[in-house]
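All remarks here apply to the structure that follows.
Readers should treat all values here as calculations from the given coordinates under stated rules, not as data from a laboratory. Here the structure is a predicted model, which is why all the values come from computation and not from measurement. Here the Cβ is made from the backbone with ideal geometry for all residues, glycine too, and neighbour counts use every protein chain on show.
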């Protein structure tokens, strides 16, 4: 590791209303795992899209393997072996592994007749998967694989061409602990085989574990590059946010109020299996468990997004019938879904549209809508939640992940909800934005509201919650006060079968 493979010099890129990159520099050496880190909106995604030819820079210079790139496009990136794997996996669920790996590049037995050499493609797929130490059948349907295995198929697809630089964009954001460990081991194996990688992550412990060097961007500008062994997590955070973060998990101490939600013997197939618990005003109830344990299915069933088989739900001591999220909203209970892009936001609509969409009745003025009040309310939530946006008429898809999440929170704050269920509220969000989300949660419980939080990150569960429920294979296996809880106790309960 010494020769430079990629050099980016003084790259600038401006979009309407925002300078995404401002004279950014980056140097990646051959055979290294180079961590690229920064807050949401720091410019990481824009830089990667320029590298892969999706965006053109306004100015600056890109050099690959000693040659300056004059024409930056998708073909150039592919010819130079630059392959990205994005957070949202680019696989067709109904097709098998081999079909996905060779999509658009099918190997033909007879080019004139167009006959595909399926046998050879399966053998090649099997060889690539063995290179990754993966026991995945080349004929397995993607929809039958877990997220971790699907990620391995994406990596195999990248290795099916001559990859020189593999870019992994938040690859662990949807993975459980075992899957994360498997992915990081695979990355180490690829490094041994000479593959150069850019690893984008908000999880500093993973960055420290896997990276060789780390480059930090902030507000579209280059901040620093260091050997990862020479810096602490605190050093990286300081470069990311431009200040020290005093508390990673800020917590307020208030007395727990009366019971606001009670769930009794809730069932939905085997994935929600006879679960009972209660939630109180002024507390954060954490829900922990492995990926696939049934946590998301539980909260979706509670708010009526999935139909229950049996069981009862009580709000403020009154039995309620919830068959649809609209019923839950009318009872003062809302869910911030784990997938904000497909289930939480209208991405092609404005910040204002999204925030007011949850409570249109509030703005009825005779037969018209009070647009002035809509704008005022939106400005209020943008200010209170510190949403970074050029304006309230900016489309949600133009915001960073952390700011998109705040728009979702603003949407539900613009209702009379008393029970807020957060499903993976900080997934794919940088450390600074995470603290802001935790402070919003603190404000909610300080107002006497109840917060239920599903999270795959055990330090987050322990740092934010007052009480913790643990789910394993659809069953509630433990309930503990946070003062008695440890990561070991939670993992022990999470692996009960």
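Worth pointing out:
- For the stretch 259-494, a/c is not less than 1.5, where a ≥ b ≥ c are the root eigenvalues of the C-alpha gyration tensor, and a/b tops b/c. That puts it in the prolate class.
- Working from Cα pairs under 8 Å separated by at least six residues, relative contact order for the chain is 16 percent.
- Rounded tilt (10° steps) of 118-131 against the dominant C-alpha axis of the chain: 80
- With Cα atoms, 0 to 90° folded angle of helix 401-413 axis to the chain main axis: 20
- Pairwise FRET efficiency - residue 367 versus residue 306, Cβ, R0 = 45 Å, nearest 0.05: 0.80
- Counting 0.36 nm for each residue step from residue 233 to residue 219 and taking away their Cα separation leaves a gain of 3.1 nm.
- Sites residue 116 and residue 93, calculated FRET efficiency, Cβ-Cβ separation with R0 30 Å, nearest 0.05: 0.90
- Angle of helix 371-384 to the longest C-alpha principal axis of the chain, folded into 0 to 90 degrees and rounded to 10: 70°.
- Shape of the stretch 251-343, Cα gyration tensor, a/c cut at 1.5: rounded
- Tail beyond 16 Å, pair distance distribution of the stretch 1-77 (Cα, percent): 50
- Anisotropy class of the chain from Cα gyration tensor, a/c 1.5 cut: prolate
- Length available on full extension from residue 12 to residue 484: 0.36 nm per residue minus the Cα-Cα distance, which gives 164.8 nm.
- Computed from label points 7 Å out along Cα-Cβ, the spacing between residue 105 and residue 178 is 3.1 nm.
- Each part gets one Cα centre, and for the stretch 38-87 versus the stretch 137-207 those centres are 20 Å apart.
- Taking the average, over residues, of other Cβ atoms within 10 Å as the packing measure, peptides 255-266, 331-342 rank 331-342, 255-266 from highest down.
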